[in-house]
Amino acid sequence: MTLSPGVGPRPSPPMPADRPPTAPASFHVLAKPSGPICNLDCTYCFFLSKEALYPGDRFRMPDDVLAAYIRQTIEAETAPEVTIAWQGGEPTLMGVDFFRRAVALAEELKHPGQQLHHTIQTNGTLLTDEWCALLKRHDFLVGLSVDGPAALHDVYRVDKRGDATFAKVRRGWDLLQAHGVDTNILCTVNAANQHAPLDVYRSFRDDLGARHIQFIPIVERDNETGFQEGDAVTNRSVDPEAWGRFLTAVFDEWVVRDVGTVFVQMFDAALASWLGLPASMCIFAETCGNALALEHNGDLYSCDHFVEPDHLLGNIMQTHMVELVASPRQRAFGDAKRDTLPRYCIECDVRFACNGECPKNRFTVTPDGEPGLNYLCAGYKAFFTQVDGPMRIMADLLRRGRYADELMGILRNAPRNEPCPCGSGRKAKHCHAR
């Protein structure tokens with residue numbers, strides 16, 4: 001594999017001879033090859049302001065940093081599967097050739113028995129047949145940002161001129177489907193679409209034919225720095241109660257017709273909690289610190305949501321990433337998720353599923369005035385409480401070696417005048433057997 005001319009004068013540090021004992025067996029690094037630079041200007045984007053961290057920078061990952069990222073990721077992974085992950089900004093601004101070099105280098109450096117997984121998150125507006133052919137050839141999982149049907153998507157997801165982008169995103173989606181690329185919808189839930197959960201969900205399921213969906217709440221701090229500071233949010237942010245109603249409305253439709261055919265990350269994560277399995281999303285884990293962000297110049301930050309000077313761990317061109325991940329500073333960052341949980345959360349009936357969610361959202365106070373309550377607490381508590389019955393049934397089915405999708409028949413075929421099996425207390429005809 002040939003890197004671009006001029007690469008070579010900056011060797012990156014080797015893997016330590018002895019793996020640091022505090023290093024997790026696996027961790028995830030989300031690389032941002034174009035930094036915060038994007039061809040769109042989504043009004044709620046928390047990352048566009050990160051440009052101020054690197055004044056005058058070209059925001060192009062050089063090939064020596066590319067090589068260090070891939071080599072260190074591969075050699076630090078103890079599991080047989082290795083994920084090479086790309087995000088932005090908009091990573092496709094780097095061009096197809098950059099990613100050709102990336103996948104070729106990964107194939108060259110992978111260890112015997114290792115399996116590579118390539119992922120990329122994109123707004124989809126720059127995708128072409130050439131792009132999609134590359135993504136398909138190397139089995140990329142593509143996360144495409146869409147906020148629902150055009151009328152909802154285009155409220156905040158606009159280009160640099162303030163123009164709508166849905167048509168271009170839809171074109172990118174259609175190209176991905178035509179090439180058979182594995183795809184996943186990334187949908188933010190915000191002030192514009194929070195009251196239209198079924199319009200959003202059905203547009204993905206029925207219009208796009210999407211089968212994997214992630215819902216991401218927009219909680220945007222209202223400050224001048226763009227950092228996780230202050231306790232005020234912008235008017236674009238999702239309302240906590242509306243967030244809970246959004247998830248519940250989608251769940252109530254999904255649970256009677258789409259279990260096993262449409263995979264909603266939030267529901268899969270909840271089911272894992274009811275099964276007593278490790279959290280599949282870092283936001284619901286008891287501790288965090290194993291999902292980091294790599295800037296274009298090799299700077300490694302504690303988390304994608306904490307790309308801030310106070311959370312800069314170091315640079316992978318100077319210190320191997322496994323040492324940075326294992327550092328006392330990063331371990332303390334991850335442990336703080338558990339250690340700073342308010343008493344109100346510790347005693348909560350749904351703590352096992354929530355664990356206080358993401359630390360970036362813990363800026364409100366509990367009913368008795370203790371700091372550190374999650375802004376979205378009311379929504380999560382309502383959602384997890386509402387889905388308890390169906391989750392228990394699915395978990396029981398799986399433990400008995402059966403299939404979770406059997407729940408759909410249990411709910412739909414319940415005697416209409418009897419209590420719904422979901423445990424809501426309502427008659428089935430007024431609940432899931434409608």
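The values are calculated or read from the model by the stated rules, or taken from the named source; none is laboratory data. Since we're looking at a predicted model, the values are computed, not measured. Cβ placement follows ideal geometry from the backbone for every residue including glycine, while neighbour counts extend to all protein chains displayed. The accessibility values were calculated without ligands, DNA or RNA, using every heavy atom of the protein model including side chains. Shrake-Rupley method; radii C 1.70, N 1.55, O 1.52, S 1.80 Å.
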Mean residue ellipticity (222 nm) of the chain, computed from DSSP H runs ≥ 4 via -39,500 (n - 2.57), nearest 500: -10000 deg cm²/dmol
Rounded to the nearest 10 Å², the accessible area of Leu277 at probe 1.4 Å: 100 Å²
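Which entries in the list Lys160/Lys337; Lys110/Lys168; Lys32/Lys136; Lys32/Lys168; Lys136/Lys337; Lys160/Lys381 go over 29 Å, if you measure between the two C-alpha atoms of each? Before the final figure, lay out each step's value.
On the way: Lys160/Lys337 37 Å; Lys110/Lys168 36 Å; Lys32/Lys136 21 Å; Lys32/Lys168 22 Å; Lys136/Lys337 38 Å; Lys160/Lys381 38 Å.
Where the Cα-Cα span goes over 29 Å, the pairs concerned are Lys160/Lys337; Lys110/Lys168; Lys136/Lys337; Lys160/Lys381.
Please report, as a whole percent, how much of the solvent-accessible surface of the chain comes from carbon and sulfur atoms (probe radius 1.4 Å).
Details: 9600 of 18670 Å².
Accessible surface attributable to carbon and sulfur in the chain totals 51 percent.
Once the other residues with Cβ under 9 Å from the Cβ of Leu116 are scored (Lys, Arg +1; Asp, Glu -1), what is the net sum? Display every interim value, and only then the final one.
Details: positive: Lys110; negative: Glu81, Glu107, Asp139.
Taking every Cβ under 9 Å from that of Leu116, the sum is -2.
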Heavy-atom accessible area order for Glu370, Glu107, largest first, 1.4 Å probe: Glu107, Glu370
Local net charge near Val365, Cβ-Cβ under 13 Å (Lys/Arg +1, Asp/Glu -1): -1
Alpha-carbon centroids, segment 236-281 and segment 8-73: separation in whole Å: 31 Å
Probe 1.4 Å, all protein chains present, accessible-area order of Asp159, Asp268, largest first: Asp268, Asp159
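Using a 1.4 angstrom probe on the protein heavy atoms only, could you order Ser12, Ser26 from most to least accessible area?
Details: Ser12 30, Ser26 55 Å².
Descending accessible area places them as Ser26, Ser12.
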Cα centroid of segment 185-231 to Cα centroid of segment 367-434, whole Å: 23 Å
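Using only alpha carbon pairs under 8 Å that are at least six residues apart, calculate the relative contact order of the chain and give it in whole percent.
Values: 800 pairs, mean separation 69.6, N = 434.
Relative contact order for the chain comes out at 16 percent.
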Rel. contact order, % - alpha carbon contacts under 8 angstrom, at least six apart, segment 346-401: 25 percent
Accessible surface, the chain, averaged per residue in Å² (probe 1.4 Å): 43 Å²
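Please report Rg over Rh for segment 197-344, where both radii come from the alpha carbon positions and Rh follows the Kirkwood definition. Write out the running numbers ahead of the final one.
Numbers: Rg = 18.4 Å, Rh = 18.0 Å.
Expressed as Rg/Rh, it is 1.02.
Quick one: dipole size for segment 235-332, taken about the Cα centre, charges +1 on Lys/Arg Cβ and -1 on Asp/Glu Cβ, in debye to the nearest 20. Write out the running numbers ahead of the final one.
Working: 5 positive and 13 negative charges, 28 e Å.
Here segment 235-332 has a charge dipole of around 140 debye.
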Accessible area of Glu220 in the full protein assembly, 1.4 Å probe (Å², nearest 10): 30 Å²
Accessible area of Phe140 in the full protein assembly, 1.4 Å probe (Å², nearest 10): 0 Å²
